[in-house]
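One structure is given below, encoded as structure tokens.
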Amino acid sequence: MKRWGGNRKRTTVRQRWSCACSTTRRKACAAAAPVASLLAGFAMVVGGNGTWSTVRDSPHFRLQRLDVVGAVTMPEDEILASCGLVRGGTRVLGLDPSDVAATCEADSRIRSARVESFLPDRVRVQIEEQRPVLAVATDQGVWLVNAFAEAYAPWDPLDVRDLPLMVGSSETATAVQREPLLREAVALLRTTGRDAGPWEGQGLLIEHDPTLGFTVAPAARGMSARFGVGPFPAKMKRLKTALEVVKKRGLPVAEAFLDDGIRPGRVTLRLGGFGPFADADRGDRLGRVP
């Protein structure tokens with residue numbers, strides 16, 4: 001009877017030692033490969049600086065193709081100039097994408113930029129343009145404010161027109177440094193809008209007072225509304241309901257007041273040409289106002 005395992009191939013001590021050495025050599029070579037590449041690159045730069053410069057400056061690695069993503073109003077040639085890129089001149093080999101992105105973002109029209117390079121001659125630039133929603137009068141001049149409540153650049157009426165303008169007290173004058181105030185103003189604009197409601201298609205004036213809060217008025221003629229402080233959506237809803245009630249009766253409205261702290265559900269309307277106030281309150285004679 002054969003002993004169990006007797007048919008297995010036996011290896012000698014010498015064969016086992018040779019196998020172990022081969023395995024060790026393979027692992028050592030695999031571990032040393034990245035280091036060898038690094039040392040070779042280092043030698044190319046330090047020991048062969050002339051060779052590296054020749055390769056880097058080769059026309060083969062000069063910018064030829066630019067992919068722009070996210071641009072809305074800025075043409076490609078302006079993005080090239082803003083980012084410091086020159087077609088046929090910028091070296092793609094050795095390009096630092098973070099440096100190029102920082103150069104892009106130095107342009108006040110660009111809020112953020114992301115840059116990628118692809119050898120031999122292509123660069124991809126993804127930008128987010130600044131989109132102003134408000135102009136605010138400050139002690140540093142009139143500044144543009146984006147949807148993130150960031151005051152980012154002085155207002156040039158030749159470049160940006162037809163923006164709501166925020167004016168007010170000395171507190172408003174330092175609004176560039178007062179992000180909470182700007183956030184509240186942007187929230188008010190987002191709630192009121194100019195595409196619907198009592199100010200549809202009109203330029204808006206946003207007035208701010210530290211005590212009374214925010215008032216919205218048309219740039220020309222029309223009704224003004226004092227919203228006070230946020231949140232604003234419920235106030236806007238009550239205002240629309242009140243205006244629908246008086247519209248059915250053909251009554252002109254000069255002013256609306258929605259900042260009653262004691263009775264938050266009240267909407268007080270001053271009817272144009274009539275003098276006394278008329279209340280459009282919950283269950284009032286002008287109808288229910290939610």
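By average Cβ neighbour count within 10 Å, what is the ranking of 111-123, 143-155 from highest down? Show your work: numbers first, answer last.
Values: 111-123: 16.7, 143-155: 18.6.
In decreasing order of mean packing, 111-123, 143-155 become 143-155, 111-123.
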- prompt: How do the peptides 80-86, 158-164, 237-243, 260-266 rank, highest first, by the average count of neighbouring beta carbon atoms within 10 Å per residue?
  reply: 237-243, 80-86, 158-164, 260-266
- line: Computed from every Cα-Cα pair in the stretch 185-229, P(r) in 10 Å bins starting at 0 and rounded to whole percents is 29, 59, 12
- prompt: Around residue 110, which amide H atoms from residues at least 5 apart in sequence, or from another chain, sit under 5 Å from its own amide H, with H modelled in the peptide plane?
  reply: 130
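Leaving ligands, DNA and RNA out of it, rank 60, 208 by accessible area with a 1.4 Å probe, largest first.
Putting 60, 208 in descending order of accessible area: 60, 208.
Quick one: work out Rg over Rh on the C-alpha atoms of the stretch 106-146, Rh as Kirkwood radius.
Working: Rg = 15.5 Å, Rh = 12.5 Å.
Result: Rg/Rh = 1.24.
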message: Using the Karplus curve 6.51 cos²θ - 1.76 cosθ + 1.60 with θ = phi - 60°, what ³J(HN,Hα) values do you get for each residue of the stretch 244-258, in whole Hz, with x for Gly and Pro?
response: 5, 5, 6, 5, 5, 9, x, 9, x, 10, 9, 9, 10, 10, 10
- line: The extension gain from residue 91 to residue 114, computed as 0.36 nm times the residue separation minus the Cα-Cα distance, is 6.5 nm
field: the stretch 209-277: chymotrypsin sites (Phe, Trp or Tyr not before Pro) in DSSP coil with no more than 15 other Cβ atoms inside 10 Å
entry: 274
- prompt: Using mean Cβ contacts within 10 Å as the protection proxy, how do 126-132, 215-221 order, highest first?
  reply: 126-132, 215-221
query: Residue by residue through the stretch 106-114, which ³J(HN,Hα) values in whole Hz follow from phi under the Karplus form 6.51 cos²θ - 1.76 cosθ + 1.60 (θ = phi - 60°), with glycine and proline marked x?
result: 5, 7, 5, 7, 10, 7, 8, 9, 10
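The values are calculated or read from the model by the stated rules, or taken from the named source; none is laboratory data. Predicted, not measured: the structure shown is a model, and the values here were computed from it. Positions of Cβ are backbone-derived with ideal geometry, glycine not excepted, and every protein chain shown enters the neighbour counts. Only protein heavy atoms, including side chains, enter the accessible area calculation; ligands, DNA and RNA are left aside. Shrake-Rupley method; radii C 1.70, N 1.55, O 1.52, S 1.80 Å.
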